[in-house]
1. Ranked from highest to lowest mean number of other Cβ atoms within 10 Å per residue, what is the order of the peptides 143-150, 30-37?
2. Return the FRET efficiency for the residue pair Thr153, Glu22: r is the Cβ-Cβ distance, R0 is 45 Å, and the value is rounded to the nearest 0.05.
3. Just to be sure I understand the model, the point goes 7 Å from the Cα along the line to the Cβ. What's the resulting Asp186 to Thr120 distance in nm?
4. Given the protein chains as shown and a 1.4 Å probe, how many square angstrom of Lys234 are accessible, to the nearest 10?
5. Within the set of other residues whose C-beta is less than 12 Å from the C-beta of Pro85, count the net charge using Lys and Arg as +1 and Asp and Glu as -1.
6. With labels modelled as points extended 7 Å from the Cα through the Cβ direction, what inter-label distance (nm, one decimal) is found for Gln42 paired with Thr226?
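The values are calculated or read from the model by the stated rules, or taken from the named source; none is laboratory data. Predicted model, so just to flag it, every value in this text is computed and none were measured. Glycine also receives a Cβ, built like all others from the backbone with ideal geometry; neighbour counts cover every protein chain displayed. Calculation scope for accessible area: heavy atoms of the full protein, side chains included, ligands and nucleic acids excluded. Shrake-Rupley method; radii C 1.70, N 1.55, O 1.52, S 1.80 Å.
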Amino acid sequence: MPLLKWIEQLSQPKTFFNAKLEQSQYAPGQSIGLTLYTQGGQHEEYIQTIQARITCQFNELAQTYEQSKVLITQPTLAKNLLLQPKQHCQNFYLIELPLNCPVSNSANKINLDIVFFTATGEVYTQTYPLIIRHTQLGTYFLNALTQLGFTQTLCWVNQNKLHKQATLNYIQKFKYNNTTNPDLPDDLSVTFCFETFIDYLDVHLQIQTAQLTTEKIKFNSRFSLTEPNFAHIKQSLNQLLIKSKKYDSFKIA
């Protein structure tokens with residue numbers, strides 16, 4: 001926050017606060033570290049709850065999905081605080097991102113809201129944009145797909161049907177089309193989503209070709225990435241794409 005704006009807030013009669021994040025970018029499953037600076041107003045004030053809300057605003061959604069703004073996580077940072085007049089407070093907090101939280105791209109906007117709920121009913125809110133990047137394994141997979149001649153064409157969300165016990169009721173999906181690989185059909189596309197775990201990444205992948213106005217599924221696959229070995233991931237993905245040419249209808253459980 002600019003210094004002049006911070007000084008201006010300090011001169012006001014109400015409580016104000018400012019948060020400083022440890023990093024500018026995070027990955028699913030990572031903890032967001034932030035320092036919260038609070039400045040009491042002219043009068044004593046009782047803070048019932050300090051809450052962190054991380055939300056994702058999707059710009060493009062699948063037709064089966066109704067909400068455009070999804071709550072990712074909503075932890076309580078502190079409760080029952082009594083701020084004395086002009087009191088300065090500085091506290092450090094960790095906010096854990098879910099393993100399968102969405103990543104940032106042109107189709108969404110992810111924000112962190114810090115919310116103060118006071119005993120008088122007033123609510124103070126500050127909003128901070130977040131950038132969520134793919135995990136290392138996810139980044140290697142995407143880079144391999146790009147080097148094999150594929151380009152992202154779509155990103156959207158669907159209701160999450162992978163696991164009944166999932167903490168989030170949606171899943172982020174991606175579609176890449178072959179644009180430069182002469183060894184594969186021009187109309188070949190790959191649709192996939194990631195399922196993130198602590199020490200590995202599952203890829204749910206569908207390979208398909210377009211036939212006039214319809215698309216024909218050639219290959220359904222689910223596989224795990226466990227080692228951050230880019231060369232191996234690229235080679236395995238290339239073999240899978242080449243293999244899909246040989247089948248009109250082929251499925252892997």
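1. Ranking the peptides 143-150, 30-37 by packing returns 143-150, 30-37.
2. 0.85
3. In this crude spin-label approximation the distance works out to 6.9 nm.
4. 60 Å²
5. 0
6. 6.6 nm
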